[in-house]
1. Read through the list (1) within 29 Å of residue 46 (Cα to Cα); (2) surrounded by fewer than 17 Cβ atoms within 10 Å (Cβ to Cβ); (3) touching a helix residue (DSSP H, G or I) at 6+ places or on another chain (Cβ under 9 Å), then give the number of the only condition that residue 92 fails.
2. Would you mind telling me which numbered condition in (1) part of a helix (DSSP H, G or I); (2) more than 17 Å from residue 232 (Cβ to Cβ); (3) of a type outside the set (Gly, Ala, Ser) residue 132 fails?
3. Of all residues in segment 98-127 being surrounded by 17 or more Cβ atoms within 10 Å (Cβ to Cβ) and acidic (Asp, Glu), which is farthest from residue 52 (Cα to Cα)?
4. Cβ-Cβ distance below 9 Å, separation of 6 or more or different chains: which pairs start in segment 229-244 with a residue that is among the β-branched types (Val, Ile, Thr) and end on one that is modelled with pLDDT of 85 or more and surrounded by 21 or more Cβ atoms within 10 Å (Cβ to Cβ)?
5. Which one of 77, 127, 70, 65 is touching a helix residue (DSSP H, G or I) at 6+ places or on another chain (Cβ under 8 Å), at positive phi and touching a residue at least 24 places away in the same chain (Cβ under 8 Å)?
6. Restricting the first residue to segment 259-272 and requiring it to be touching a residue at least 24 places away in the same chain (Cβ under 8 Å) and under 17 Å from residue 69 (Cα atoms), which pairs with a second residue that is of a type outside the set (D, E, K, R) and part of a helix (DSSP H, G or I) meet a Cβ separation below 6 Å and a spacing of at least six or different chains?
7. Would you check if residue 40 is at negative phi, of a type in the set (A, V, I, L, M) and at pLDDT below 85?
8. Tally time: how many residues in segment 62-104 are assigned to a helix (DSSP H, G or I) and not hydroxyl-bearing (Ser, Thr, Tyr)?
Amino acid sequence: MIEPRCVVLLLVLFSAHANAATDDVDQLGLNLFTDLAPLLALFGEQFAQQFMSESLLWLDHVIFGMVPLGILTAVVGAIRVSGPSWARAFIGRARESRAAAEIELMSSTSDEVCEVYNGLAIVRCTGKPKITELLLFPVADPADDETCGLHTLETAYVESKPSLLEMGHFGITSRWDSQGCAESKDTRTHNVADISSKRSGSGSGHSDEESMIGVTPSTKAPGPKPPKFPSRLHDSAPNLQLNLPHSVADYSKTIKELWYAAIAAVVIQSGIIIVGAITSYMRRVQHTITGDIRTYGFPLFLSGTICLNIGMIICSWVIERSTNEHVWRRVSDSKKRNSDPEFQLFWLQQKHTVSDQAFDSFLILGGQKREVLTS
């Protein structure tokens, strides 16, 4: 028969052993998380490359820099794109062509890099594709328009009279090149010069003929300069990936979503720092979670986190800075109340071979657009 004292002793020992086992499991889980978190942050190569290749705004850089993944990939990518020769040699990329870095890390296309549809997805490869980008504008009277509203980006911007598109620099607030403003400014300056010359002649007390002696008659104000299509876009392949979502007519909604994502990323990163401060300076939490903590731990954690965030933002910015993004939109016509700002975007792809890869012919629909993005 077991005595009550033995039962009590066994219960005490069992509870103590269970508490010790629970503490060991908690400590093991905490150590495992703290040890694996830096390793997980260092890797994530494909995620980092895909995100940086579509980063176009400073909001993208902030999102990428908060709670970052793919740290080594971002550093190596910045060196591959804009690093000096000795830095590229240090990472083993001294003889790498720019096209190799452009395929993996940039959003742009060029005479060496293109985007082609393989029937399942958009792929980037080196070479010149047989693909044409076309824009279909609504026409009020097709009989008066030989093109029937069908243009390429260059013909709609340069050859069409008046121009159907205007070009701007892509950003959170896009800056548009307004030629009409320049024209009105030149005309206004010329008219002011004519008025001032007439006033000086009439105020001198002489006749009109005498006042106009030595004064060159005013000529007609020069017209606006014809728009110049960016030379680098002549031989560049069309941008499919940036314009393919057929449900996205312009980028205002996308920019709004980026604002939300950037705010959420900053909040999450700030929350991690706040948790670190609580576990470092609140005695009750210290003994509950980790026990004693060194006083220099949190300052080092805070400074390291801030430096890491800034460094990742700089790496993403360096890669984005290597490309130039332009946005194109329909010229607004105030005289035509029924002028439609939207147009149809699509691509015609012939059956061809690029970089030993065979691609079939496709008609790729981009949907109704108000803006087209080139990089």
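1. (3)
2. Looking at each condition in turn, residue 132 falls short on (1).
3. 112
4. Sorted first by the residue in segment 229-244, then by its partner, the list stays empty.
5. Numbers: 77 fails: at positive phi; 127 fails: touching a helix residue (DSSP H, G or I) at 6+ places or on another chain (Cβ under 8 Å); 65 fails: at positive phi.
One residue alone meets the criteria, 70.
6. Matching pairs, first to second residue: 261/63; 262/59; 262/62; 262/63; 265/63.
7. Numbers: at negative phi: yes; of a type in the set (A, V, I, L, M): yes; at pLDDT below 85: yes.
Spelling it out, residue 40 is indeed at negative phi, of a type in the set (A, V, I, L, M) and at pLDDT below 85.
8. Filtering segment 62-104 down to residues assigned to a helix (DSSP H, G or I) leaves 62-65, 71-82, 85-90, 98-104.
From the residues that got through so far, the ones that are not hydroxyl-bearing (Ser, Thr, Tyr) too are 62-65, 71-72, 74-81, 86-90, 98-104.
So the answer is 26.
The values are calculated or read from the model by the stated rules, or taken from the named source; none is laboratory data. Since the structure is predicted, the reported quantities are computational estimates derived from the model, not experimental observations. Cβ: placed from backbone, ideal geometry, glycine included. Neighbour counts: every protein chain shown.
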